[in-house]
Amino acid sequence: MKTIVITLEIDVPEYATDKDISDWVDVEYGQCNGMKLDNPCRGGATEIVNHTWKFES
């Protein structure tokens, strides 16, 4: 098994709270926990603007 580190730069809505963002990341990328249906980061409200990855040293 290899471990990699992924870095994403994502634009989120201006009014999204830290909890909104944390919940969204958990669901979208961690595939765990949950988020409210009215989370402002849901749907097409976010945009990946840059990404990189590397093998963990």
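The values are calculated or read from the model by the stated rules, or taken from the named source; none is laboratory data. Here the structure is a predicted model, which means the values were calculated and not measured. Cβ sites come from the backbone with ideal geometry, for glycine too, and all protein chains shown count toward neighbours. Heavy atoms of the whole protein, side chains included, go into the accessibility calculation; ligands, DNA and RNA do not. Shrake-Rupley method; radii C 1.70, N 1.55, O 1.52, S 1.80 Å.
Would you mind finding the one in 56, 47 that is open to solvent by 90 Å² or more (accessible area, probe 1.4 Å) and at pLDDT 95 or above?
Numbers: 56 fails: at pLDDT 95 or above.
On inspection, the qualifying residue turns out to be 47.
Could you list all residues from segment 1-26 that are surrounded by 10 or more Cβ atoms within 10 Å (Cβ to Cβ) and within 17 Å of residue 47 (Cβ to Cβ)? If you could, list the steps in order and put the result at the bottom.
Quick first cut of segment 1-26, residues surrounded by 10 or more Cβ atoms within 10 Å (Cβ to Cβ) only: 5, 8-13, 16-17, 19-26.
Listed by number, the residues that qualify are 8, 9, 10, 11, 12, 13, 16, 20, 21, 24, 25.
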Any chance segment 4-22 includes a residue that's in contact with a helix residue (DSSP H, G or I) (Cβ under 8 Å, 6 or more places away or on another chain) and either hydroxyl-bearing (Ser, Thr, Tyr) or free of Cβ contacts under 8 Å to residues at least 24 places away in the same chain (or both)? no
Pairs, please: C-beta under 6 Å, at least 6 apart or cross-chain, first residue within 30 Å of residue 1 (Cα to Cα) and in segment 33-57, second open to solvent by less than 80 Å² (accessible area, probe 1.4 Å) and assigned to a helix (DSSP H, G or I)? 33/26
Please determine whether any residue of segment 15-35 is among the acidic types (Asp, Glu), in a loop (DSSP other than H, G, I, E, B) and at negative phi. no
